[in-house]
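Chemist: Sharing a structure here in structure tokens format.
The values are calculated or read from the model by the stated rules, or taken from the named source; none is laboratory data. Please read all numbers here as calculations on a predicted model, not as lab measurements. Cβ sites come from the backbone with ideal geometry, for glycine too, and all protein chains shown count toward neighbours.
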Amino acid sequence: MYLPETFAIDDRATLLRHAAEHPFATVITLGPEGPSVSHLPLLVDAGRGVLRGHLARENPQSAHFASGAQSLAIFHGPHGYVSPSVYEQPGVPTWNYVVVHVHGRGRRVGQDELWAIVNDTVERFDNSGWRLQVGDDFLRPMLEGIAGFEIDVERLEGKYKLSQNRSSADRSRVVDWLERGDDSSRALAALMRGRQ
């Protein structure tokens, strides 16, 4: 990722918190036939320094994880268009955004770990109270069709492109501009306001 120093964030806790708050990741692995991409919810285990997830056993990335392939998980955050009309001095249109890249070697996990990943995923995202039942005959064959994996967090890159290259007055105008936008733009404005 092109990462000018102005926009770089290297605080591990901040980057892992972002990944946990924006768990739907783009996961890229490299296998013998080339790169493969999936879009998956991932759980962040900051204490162990791993990402955890699951995918269809037939997905080519399942074999990549089984072979210990290098992996890249990309966690997008809020983003939005910025009009040059808001700047004091002339400027160009741009896009502000937050993104975190997690690089590391992936590996498949066993059935017990897979069960834990699926269970933890349900607990994290399902607020209805529904939970997996260990002896459920319906779920058992479905679990056989998926594979669990972990990715070691070996390297983190964070880019918070939040108009840091503009004046304080321009950044305030950008925040005002973004607050009039869509949900993602408003979330970006709140993040910028919190960092001023």
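Chemist: Which one is surrounded by the fewest Cβ atoms within 10 Å (Cβ to Cβ) among residues in the range 14-44 that are farther than 21 Å from Tyr160 by Cα and in contact (Cβ under 8 Å) with a residue 60 or more places away in the chain?
Modeler: Pro41
Chemist: Of the residues Arg48, Arg107, Arg131, Arg52, which single one is of a type in the set (D, E, K, R), within 15 Å of the chain's Cα centre (by Cα) and not in a helix (DSSP H, G or I)?
Modeler: The conditions single out Arg52.
Chemist: Starting from residues that are within 21 Å of His18 (Cβ to Cβ) and either more than 25 Å from the chain's Cα centre (by Cα) or not acidic (Asp, Glu) (or both), keep the ones in the range 166-183 and report whichever is surrounded by the most Cβ atoms within 10 Å (Cβ to Cβ).
Modeler: Among those residues, the one meeting the criterion is Leu178.
Chemist: Just checking, which of Ser172, Ser163, Ser167, Ser184 is under 21 Å from His39 (Cβ atoms) and among the polar types (S, T, N, Q)? I'd like the intermediate steps shown before the answer.
Modeler: Working: Ser172 fails: under 21 Å from His39 (Cβ atoms); Ser163 fails: under 21 Å from His39 (Cβ atoms); Ser167 fails: under 21 Å from His39 (Cβ atoms).
Going through Ser172, Ser163, Ser167, Ser184 in turn, just one is under 21 Å from His39 (Cβ atoms) and among the polar types (S, T, N, Q): Ser184.
Chemist: I'm told Trp115 meets every condition in (1) at pLDDT 95 or above; (2) more than 30 Å from Arg186 (Cα to Cα) except one. Can you identify the failing condition by its number?
Modeler: (1)
Chemist: While we're looking at this one, here's another question. Could you list all residues from the range 140-164 that are exposed (fewer than 13 other Cβ atoms within 10 Å of the Cβ) and either small (Gly, Ala, Ser) or at pLDDT 95 or above (or both)?
Modeler: In the first step, residues of the range 140-164 are kept if they are exposed (fewer than 13 other Cβ atoms within 10 Å of the Cβ); the result is 140-142, 144-145, 154-155.
Selection gives Gly145, Glu154, Arg155.
Chemist: Something else now. Here are some conditions: (1) within 22 Å of Glu123 (Cα to Cα); (2) surrounded by 14 or more Cβ atoms within 10 Å (Cβ to Cβ). Arg48 meets all but one. Which one does it not meet?
Modeler: Going through (1) within 22 Å of Glu123 (Cα to Cα); (2) surrounded by 14 or more Cβ atoms within 10 Å (Cβ to Cβ) one by one, Arg48 breaks only (2).
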